[in-house]
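Report on the structure given below.
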Amino acid sequence: MRIMHFVTGGFSGATQVAVDLALAAQQEGAYVLLVLRKKRNTSSQKVQALRAQGLDVRVVSNWLHAWTVWELRRLMRAWQPDVVFAHGFSDHIWGRRAAVAEHVPHIFHVEHNSRERYTARRLRQALALAPCTQASIGVSEGVKRSLIDRGFPEDRCIAIPNGIDLARFPESEQPSAWGQRMAKIVMASRFAKQKDQPTLIHALAVLKARGITPVLELAGGGSLRLRKKSEQLVQRLGLQAQVRFLGNVSDLPQRLAQTQIFVLATHWEGMPLALVEGMAAGCACVGSRVVGVQEVMEDGVNGMLVPESDAQALANALEKLLTNQALAEKLGLQARHDAFAMYGREHMWAGYQRLLKTEAV
């Protein structure tokens with residue numbers, strides 16, 4: 001079987017999912033082509049790193065949508081895929097449009113977020129491709145529901161949760177006692193409109209007023225403009241001694257394994273892989289109560305959920321975890337168990353294998 005994945009070259013969570021699926025299919029003996037839509041941060045080093053993993057990777061332009069479709073059509077005509085997975089908005093439109101024009105037998109749409117930027121025109125374009133699409137895949141039940149609510153055919157909408165490489169979180173690197181972890185807070189997410197680092201920073205100021213001063217590490221790249229705004233907020237609130245801006249880090253699993261608390265403050269999600277990584281590392285996790293997050297965490301069972309954009313509620317949750325080690329350790333242990341039981345890369349690939357056997361064999 002010849003499988004093509006088309007996805008943004010922005011190296012977001014969607015890109016990583018496509019990479020993981022491509023590698024898994026290749027290991028099963030399929031011929032795989034990964035096509036990235038060029039973005040400002042599509043570095044040649046990252047592309048070469050993917051090729052070093054054994055993937056056939058091509059990059060198409062992002063100059064005009066029509067040009068992107070034309071380049072995709074040329075690739076498909078030469079490579080002759082049996083299956084095309086088109087990931088994410090708006091790339092799934094251009095990927096599917098090219099696949100339809102080149103008569104690819106099996107076409108799938110993968111939606112990675114619950115709140116995409118659909119205009120009326122873009123939604124019409126997406127829905128017009130539905131009759132030629134075997135399935136629209138939501139990366140969580142919440143994303144699947146958002147697709148149905150937008151008018152995608154319910155009988156062709158399915159949910160396959162994303163997964164992570166659990167081998168990056170081995171038992172040998174987990175501290176034997178909770179007290180060996182640092183009583184600090186980590187949020188690992190890119191700076192983007194979707195993410196909500198400012199509410200977390202405000203929550204830290206609330207804690208400081210209560211005499212609680214944990215260190216907060218903000219890991220991740222993304223928008224330099226939004227990072228600058230967060231840096232200015234830290235200065236305005238007098239939190240410079242507590243907040244560290246790490247940028248992209250290469251040792252995130254090791255950092256998380258030494259950390260007590262992981263936070264995902266966010267406005268919306270699809271399937272929050274960063275949160276799953278925090279869970280896999282055994283952190284006590286706090287997340288905003290939004291689609292995607294609330295499918296992964298159950299409040300008081302494997303983490304704590306707080307209302308979106310509510311700094312007071314977030315501060316209350318953090319105070320509870322920082323002052324009640326028994327509770328924090330209990331939530332962290334359950335989070336790690338659930339991450340390994342449900343959100344491994346192998347679970348995700350098994351879902352795609354079942355889909356291919358049903359629709360593309």
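At-a-glance table
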read-out: Total residues in segment 1-19, condition assigned to a helix (DSSP H, G or I) and either crowded, with 21+ Cβ neighbours inside 10 Å or of a type in the set (Ser, Thr, Tyr) (or both); value: 5
read-out: Residues of segment 156-179 satisfying the condition of being without any contact (Cβ under 8 Å) to a residue 40 or more places away in the chain and not in a strand (DSSP E or B); value: ARG156, ALA167, PRO170, GLU171, SER172, SER176, ALA177
read-out: Condition met for ARG73 (open to solvent by 60 Å² or more (accessible area, probe 1.4 Å), over 28 Å from CYS157 (Cα atoms) and in a helix (DSSP H, G or I)); value: no
read-out: Pairs with Cβ under 6 Å, 6+ apart, first in segment 41-65 and open to solvent by 40 Å² or more (accessible area, probe 1.4 Å) and part of a loop (DSSP other than H, G, I, E, B), second at pLDDT 90 or above and not hydrophobic (A, V, I, L, M, F, W, C); value: ASN62/ARG37; ASN62/LYS38
read-out: Residue selected from segment 314-338 under the condition farther than 17 Å from SER176 by Cβ, part of a helix (DSSP H, G or I) and polar (S, T, N, Q), by the criterion most open to solvent (accessible area, probe 1.4 Å); value: THR323
read-out: Boolean, LEU275 is in contact (Cβ under 8 Å) with a residue 12 or more places away in the chain and either more than 21 Å from the chain's Cα centre (by Cα) or open to solvent by 10 Å² or more (accessible area, probe 1.4 Å) (or both); value: no
read-out: Scan of segment 230-241 for residues that are open to solvent by less than 50 Å² (accessible area, probe 1.4 Å), of a type outside the set (Asp, Glu) and on the phi < 0 side of the Ramachandran plot, ordered by number; value: SER230, LEU233, VAL234, LEU239
read-out: Members of segment 49-100 that are at positive phi and either touching a Cys at 6+ places or on another chain (Cβ under 7 Å) or at pLDDT below 95 (or both); value: GLY54, GLY88
read-out: Segment 291-311: number of residues that are in contact with a His (Cβ under 7 Å, 6 or more places away or on another chain) and either open to solvent by less than 20 Å² (accessible area, probe 1.4 Å) or in a helix (DSSP H, G or I) (or both); value: 1
read-out: Selection within segment 144-161 - among the small types (Gly, Ala, Ser) and open to solvent by 60 Å² or more (accessible area, probe 1.4 Å); value: none
read-out: Residues located in segment 278-290, provided they are within 20 Å of LYS144 (Cα to Cα) and either among the β-branched types (Val, Ile, Thr) or open to solvent by 10 Å² or more (accessible area, probe 1.4 Å) (or both); value: ARG289, VAL290
read-out: Residue match in segment 25-38 (condition: over 16 Å from TRP79 (Cβ atoms) and in a helix (DSSP H, G or I)); value: yes
read-out: Qualifying residue in segment 203-221 (condition: modelled with pLDDT under 95 and over 20 Å from LEU314 (Cβ atoms)); value: yes
read-out: Enumeration of residues in segment 101-117 that are in contact (Cβ under 8 Å) with a residue 12 or more places away in the chain and either at positive phi or open to solvent by 10 Å² or more (accessible area, probe 1.4 Å) (or both); value: ALA101, GLU102, VAL104, PRO105, HIS106, HIS112, ASN113, SER114, ARG115, GLU116, ARG117
read-out: Total residues in segment 351-361, condition assigned to a helix (DSSP H, G or I) and either open to solvent by less than 80 Å² (accessible area, probe 1.4 Å) or of a type in the set (Val, Ile, Thr) (or both); value: 7
read-out: Residue check for MET348: open to solvent by 50 Å² or more (accessible area, probe 1.4 Å) and in contact (Cβ under 8 Å) with a residue 60 or more places away in the chain; value: no
read-out: All positions within segment 191-220 that are in contact with a helix residue (DSSP H, G or I) (Cβ under 9 Å, 6 or more places away or on another chain), crowded, with 16+ Cβ neighbours inside 10 Å and part of a loop (DSSP other than H, G, I, E, B); value: ALA192, PRO214, GLY220
read-out: Selection count where residues are closer than 21 Å to ALA18 by Cβ and in a helix (DSSP H, G or I), scope segment 265-290; value: 6
read-out: Scan of segment 82-99 for residues that are more than 15 Å from LYS38 (Cβ to Cβ) and open to solvent by 10 Å² or more (accessible area, probe 1.4 Å), ordered by number; value: ASP82, PHE89, ARG97
read-out: Residue among ARG244, ARG255, ARG225 that alone is open to solvent by 60 Å² or more (accessible area, probe 1.4 Å), outside any helix (DSSP H, G or I) and not aliphatic (A, V, I, L, M); value: ARG244
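The values are calculated or read from the model by the stated rules, or taken from the named source; none is laboratory data. Here the structure is a predicted model, which means the values were calculated and not measured. Cβ: placed from backbone, ideal geometry, glycine included. Neighbour counts: every protein chain shown. Surface accessibility is based on the protein's heavy atoms, side chains included, excluding ligands, DNA and RNA. Shrake-Rupley method; radii C 1.70, N 1.55, O 1.52, S 1.80 Å.
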